[in-house]
1. Where does each of Arg48, Arg61 land when they are ranked from fewest to most other beta-carbon atoms within 10 angstrom?
2. Once the other residues with Cβ under 15 Å from the Cβ of Lys12 are scored (Lys, Arg +1; Asp, Glu -1), what is the net sum?
3. Cβ under 11 Å from Thr49's Cβ, Thr49 left aside: what net charge do those residues give with Lys, Arg +1 and Asp, Glu -1?
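What follows is calculated from the coordinates using simple rules that are stated; it is not laboratory data. Computed from a prediction, not measured in an experiment: that's the story for all the values here. With ideal geometry, Cβ positions are generated from the backbone for all residues, glycine too; neighbour counts draw on all protein chains shown.
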Amino acid sequence: MCKKPINCWQYKGCGREPGGINAKELGVCPASTEKSMDGIHRGDNAGRTCWIIAGTFCGGRVQGSHAAKMENCTKCDFFKLVIEEEKTSSHDATHLLQALSIVSR
């Protein structure tokens, strides 16, 4: 059985997931509650597709739209981790291919 991969809030330790240590003071990150992305890259909500979600709290500040934040996201260690893990995963890689095509634009 494969170990479930971690989500961005677990990797970053930001505490901005619902019930997280910083959620009350700093707000809940939209990546942790965006249900439309649940299961993509085997994550919870948008926990492994955070680069697509506008308004995430990366780097200690609210990020803008997907287009505005993508340059920073492609430099992120977590983004790179997800890409590498998905390349070696045996499940359907359709979403990975979409993410890689966005990066290469």
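1. On the way: Arg48 27, Arg61 8.
Starting with the residue having the fewest Cβ neighbours, the order is Arg61, Arg48.
2. Numbers: positive: Arg16, Arg48, Arg61, Lys69, Lys75, Lys80; negative: Glu17, Asp44, Asp77.
Computed value for this residue: +3.
3. Values: positive: Arg42, Arg48; negative: Glu34, Asp38, Asp44, Glu86.
The answer is -2.
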